[in-house]
Structures are given as C-alpha cells and as structure tokens.
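Here the structure comes first, spelled out in structure tokens, and everything after it is commentary.
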Amino acid sequence: MDTVTMSRALMGSSLGFHIIFATLGVGIPFMILLAELIHYVKKDADFGLMAKRWTRAQAILLGVAIPSGTIVGVMLALLWPGFMEIVGEVIALPFQIEIWAFFLEALFMAIYVYAADRLTPVMRIISVGFVALGASASAVLITDAHAWMNTPRGFRIENGQILDVNPWAAVFNPSVWTTASHVLLSAYMTGAFAVVSIAAYKLLRGQREERERKFHQKALFLALFVGLAMSLGTAFNGHATAQMLHEYQPEKLAAAEGLFETQAYAPLAIGGWVDGESQRIIGAIHLPGMLSFLAGNRLDTVVKGLNEFPREHWPPLHVHVLFNLMVGIGSLLIFIAVFALFVQWLRKRLNPWMLRMLVPTGGLAILGIETGWIFSCTGRQPWTIYHVQYTHEAATTADNVGTLFFLFLSLYLFLLVVTGFFMRLYFRKFPVSVDLQKGEIL
C-alpha cells in the first residue's frame with residue numbers, strides 16, 4: 001500500500017481502539033452520577049453500591065483510555081504534518097481547553113475514588129458530577145475539531161498562506177452543536193447498554209441469592225431506561241445531522257443513500273449496496289420521499305445527487321453500508337429496549353430468552369459507535385479538511401508506516417485482551433455478593 005493509505009489505516013485503527021475507551025469513559029461516569037443521585041433521593045443502598053462498582057470499572061478503563069488518547073495525539077503530529085500545520089494556527093483552541101477538562105475529570109476522579117468514604121452524600125454527587133462534566137467536555141472539545149474538519153470556518157488560505165484567522169469562528173463552526181450532541185448522546189447510550197449487557201449476563205448465570213438478583217435487576221432497568229432515552233435522542237439528533245449534511249456536505253449525504261441524480265421526493269434506501277458503474281443500489285428497499293423529508297422536513301425537498309460533483313470528489317460508495325449499519329444498530333437497540341421494558345411491565349419479570357437478547361446490546365452499541373465514526377471520516381474523503389485540503393496533501397511522506405501499523409495493531413489487540421482479563425479478574429476477586437453481605441455503600 002502507498003504511504004497515504006497506510007497512514008489512514010494506522011490512524012483509523014488507533015482511533016477505532018481509543019474510541020471504545022473514550023466512549024465508555026463518557027458514558028460510565030454519567031451512569032455513576034445517576035446511581036449516586038438515586039441513592040441520595042431513595043436512600044437505596046444498592047444504587048450506592050452500583051456507583052462504587054462502576055467506578056472501579058471506570059478506573060480500569062481510564063488506565064487504557066489515557067495512553068491510547070496520547071498515542072492518537074502523537075499519530076496526528078507524525079502522520080499528518082500538513083493537517084497539523086493548519087490546525088496549529090486555526091483550531092488549536094479546543095485542544096488547549098480540553099487539557100483543562102481532562103484535569104477537572106482526573107482531579108475529581110481522584111477525590112471520588114480515594115476520599116469517597118470521608119465525603120458527605122452531597123459532596124460525592126458534586127465530585128462525580130465534575131467527573132462526568134470533565135469527561136463530557138473533553139468529548140465535546142475533541143469533537144469540535146472533527147466538526148471543523150467537516151465544516152471549516154475561521155480562516156482562509158491564499159498563496160499557501162493562512163490568513164484572517166478567527167479562532168472563535170473556527171470553534172463555533174456550523175456543525176459543532178449537531179455533531180457534539182450526537183457524540184454525547186451516543187456515548188451515554190453506550191455506557192447504559194454496557195451496564196445492560198453485564199446485568200443481563202449476571203442474571204442469566206445460575207442460581208443467585210434473591211438479594212443479588214434484585215441488585216442486578218435494579219441496575220438492568222436503570223440502564224434500560226437510560227439506554228432507551230439516549231437512543232431516541234440519538235435518533236432525533238440523526239435527523240438534524242441529515243439536515244446539516246444536506247446543507248454543508250451534500251456529497252456525503254448522496255453517497256450515504258446512493259443517490260446519483262438530483263431530485264425532489266428522493267427515496268431513502270434501506271440496505272443493499274451501491275454499484276457505481278450502473279449508478280444504482282442493488283438489493284435495497286426504497287421509501288419514496290423519505291430522504292427529502294430527512295433533508296428538509298418536506299417530501300419535495302430537492303436533494304443533490306453525486307452527479308452534481310466531480311467524480312474525483314465522490315466519497316467511497318461503501319459509506320452507504322456503514323450508514324445503514326449505524327442506523328440499523330441504533331434502531332435495533334431502540335426496539336430491544338422498548339420490548340424488554342414492555343415485557344417487564346406486562347409480566348413483572350424477564351425470561352431467560354429475553355435476557356439473552358439483552359446481553360449483546362453493549363457490544364452492538366460499541367459497534368454502532370465505530371461504524372458511525374468510520375462513516376463520518378470516510379464520508380469526508382478525499383478531503384482531510386473539507387474543500388480545503390486533500391488527504392494526500394496532509395499526509396506524511398516518511399517510509400515504514402506499514403511497519404508501525406502492524407506494531408500498533410498488535411499492541412491494541414494485546415491491550416484489549418489484557419483489559420478484559422484484569423476487568424474479569426478484579427470483579428471475580430471482589431464479587432457483588434461480598435459487598436452486599438458487608439452492606440458496603442459509598
């Protein structure tokens with residue numbers, strides 16, 4: 001492979017690995033905060049214990065999220081020097097503020113973990129609230145730079161010189177709020193469904209004391225409610241994202257739906273794959289007018305097709321599959337959550353087959369996050385900065401990127417295995433049954 005392709009592969013694998021821990025690092029603190037609030041309001045010790053145990057998991061995840069995030073930062077500088085030259089002058093501000101957000105998160109995480117037994121309930125809520133705030137702020141600030149790559153503002157380039165830099169215009173670019181809210185909602189959703197998976201798995205495993213079963217049931221239904229709410233929020237935000245793409249990145253929207261000809265009453269294509277030669281989608285179900293509705297809230301909204309743009313500016317047509325995977329997973333999670341809550345309301349308990357259906361939801365949510373990020377970044381190609389800088393202009397010309405790719409891929413696989421091993425080892429050594437017997441709460 002050429003250097004640009006290998007640089008993209010290395011950067012993509014680094015981001016794909018880090019995004020797992022970064023997303024859970026936003027979603028889990030939100031769940032901890034909710035558990036602390038319910039514990040305070042209801043005086044239910046089980047929710048205090050949930051907060052304590054989820055904090056232990058969060059600490060292990062942070063041990064991988066921090067170095068993997070550092071690696072991503074180093075990769076940006078090493079693999080994309082042309083891109084970083086513009087970033088340093090135009091959009092450095094959110095990266096600088098993100099350091100303070102991370103400091104806030106780390107400081108109050110230390111207070112919450114090491115001094116929790118000496119804090120009042122209100123102070124514990126304040127501490128973990130700042131942890132959740134810092135984690136969410138970090139996500140928003142990093143996402144801001146990504147949004148700017150899609151809708152760049154706050155500068156112009158003339159004769160290779162960067163002029164008229166306005167950092168605040170860059171920060172508040174047109175897609176920042178839509179993109180940032182989508183990232184936050186999907187992170188909270190993923191954290192919730194991670195808890196759903198674990199609680200459902202625990203309820204499926206053998207005979208347990210009634211006290212322990214109630215504990216896992218409470219965790220399951222708290223997470224199901226949060227997961228459903230955030231999934232619905234993500235879906236509504238997706239509608240706003242489609243409208244943003246329609247206005248600012250019409251090529252990406254057209255590629256996502258395999259639309260070649262500009263038209264009103266444009267159909268939404270569900271499933272199938274795009275054939276670029278015949279310019280049609282094979283094996284898809286078409287919903288007439290629904291793409292136009294997504295783009296402009298009207299069935300007669302005119303949506304631009306790919307043929308409006310030079311062929312060399314088309315995104316890869318496989319983004320249609322990525323888009324369908326992302327939307328399909330989100331829709332499936334909404335259906336599963338609604339169905340599980342309905343069954344619980346109707347029968348007052350979940351059967352083993354229902355619990356088995358809930359176990360993979362955490363993995364599905366992470367897969368949805370991954371496909372969403374790949375779609376967003378791949379759909380911007382061939383640009384690193386949309387309509388400003390091509391990807392090949394941003395990439396390094398150094399050799400041996402392929403060697404680095406295989407070395408880091410091996411490292412990421414090793415870290416995934418080790419993280420899973422120590423997570424399992426820790427919680428087997430300190431099972432919830434022991435904490436329940438001790439009556440431990442934060």
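The values are calculated or read from the model by the stated rules, or taken from the named source; none is laboratory data. Worth saying up front: this structure is predicted, and the values here are computed from it rather than measured. Heads up, the Cβs are rebuilt from the backbone with ideal geometry, glycines too, and the neighbour counts pull from every protein chain shown. Just so you know, the surface numbers come from the protein's heavy atoms only, side chains and all, with ligands and any DNA or RNA stripped out. Shrake-Rupley method; radii C 1.70, N 1.55, O 1.52, S 1.80 Å.
Between the listed residues PHE430, GLN344, VAL418, the Cα displaced farthest toward the positive end of the dipole of segment 328-442, a dipole computed from Cβ unit charges relative to the Cα centre, is found at GLN344. In the chain, helices alone account for a calculated mean residue ellipticity at 222 nm of -24500 deg cm²/dmol, with every DSSP H run of four or more residues adding -39,500 (n - 2.57). Solvent-accessible surface of segment 326-438, taken per residue with a 1.4 Å probe and all protein chains present: 57 Å². Each Cα pair under 8 Å and six or more residues apart adds its sequence gap; the mean of these over the residue count of segment 189-262 is a relative contact order of 33 percent. When all alpha carbon pairs of the chain are counted in 10 Å bins from zero, the resulting P(r) reads 4, 19, 29, 25, 16, 6, 1, 0 %. The ratio of the alpha-carbon radius of gyration of segment 1-90 to the globular-protein estimate 2.2 N^0.38 Å is 1.54.
Pair-distance distribution P(r) for segment 68-148, from all Cα-Cα distances in 5 Å bins starting at 0: 3, 15, 19, 20, 14, 10, 8, 6, 4, 2, 0 percent. Karplus-based coupling profile of segment 400-417, in residue order and whole Hz: 6, 5, x, 4, 4, 4, 5, 5, 6, 4, 4, 4, 5, 5, 4, 5, 4, 5, with θ = phi - 60° in 6.51 cos²θ - 1.76 cosθ + 1.60 and x standing for Gly or Pro. Can you list the equivalent-ellipsoid semi-axes of segment 247-321, largest first and in whole Å, using the square root of 5 times each Cα gyration tensor eigenvalue? Semi-axes, largest first: 18, 15, 10 Å. Summing charges over all other residues whose Cβ lies under 13 Å from the Cβ of ALA395, with Lys and Arg as +1 and Asp and Glu as -1, gives -3.
Tell me whether segment 91-212 comes out rounded, prolate or oblate; compute the Cα gyration tensor, take square roots of the eigenvalues as a ≥ b ≥ c, and use a/c under 1.5 as the rounded threshold. Taking the square roots of the gyration eigenvalues as a ≥ b ≥ c, segment 91-212 is oblate.
Taking amide H atoms as placed 1.01 Å from N in the peptide plane, the amide H of PHE155 lies under 5 Å from those of ASN166, each 5 or more residues away in sequence or on another chain.
Taken along the Cα-to-beta-carbon direction at a fixed 7 Å, the label points for GLU85 and ARG118 span 5.3 nm. Remark on segment 299-363: hydrodynamic radius 15.4 angstrom, per the Kirkwood mean of 1/r across alpha carbon pairs. Peptides 312-323, 395-406 ordered by packing proxy, namely the average of other Cβ atoms within 10 Å per residue, highest first: 312-323, 395-406.
Note on the chain: with charges restricted to the Cβ of Lys and Arg (+1) and Asp and Glu (-1), its dipole about the Cα centre is near 2440 debye. With Rh defined as the Kirkwood radius, the inverse of the mean 1/r over Cα pairs, the Rg/Rh of segment 192-239 is 1.15. When all protein chains stay in place and ligands, DNA and RNA are ignored, the 1.4 Å accessible-area order of MET357, MET6, largest first, is MET357, MET6. If you bin the C-alpha pair distances of segment 186-282 every 5 Å from 0, what whole percents do you get? Spelled out per bin, shortest first, that is 3, 12, 15, 13, 11, 10, 9, 9, 8, 6, 4, 2, 0. The base-10 log of I(q)/I(0) for segment 26-181, evaluated at q = 0.08, 0.14, 0.20 Å⁻¹, reads -0.31, -0.76, -1.17 [Debye formula, identical scatterers on Cα atoms, solvent excluded]. In terms of packing, defined here as the mean over residues of other Cβ atoms within 10 angstrom, the peptides 118-128, 252-262 line up highest first as 252-262, 118-128. With a Förster radius of 41 Å applied to the beta-carbon distance between PHE342 and VAL302, the computed FRET efficiency rounds to 0.55.
Charge dipole (Cα centre; +1 on Lys/Arg Cβ, -1 on Asp/Glu Cβ; no other charges) of segment 254-363 amounts to roughly 860 debye.
Can you send over the carbon and sulfur percentage of the accessible area for the chain, probe radius 1.4 Å, protein chains only?
After summing per-atom areas, the C and S share lands at 67 percent.
The alpha carbon convex hull volume per residue for segment 137-203 rounds to 88 Å³.
Projected label points at PHE335 and ASN351, each 7 Å from Cα along the beta carbon direction, are separated by 1.8 nanometres. Charging the Cβ of each Asp and Glu at -1 and of each Lys and Arg at +1, and nothing else, the dipole of segment 325-442 about its Cα centre rounds to 820 debye.
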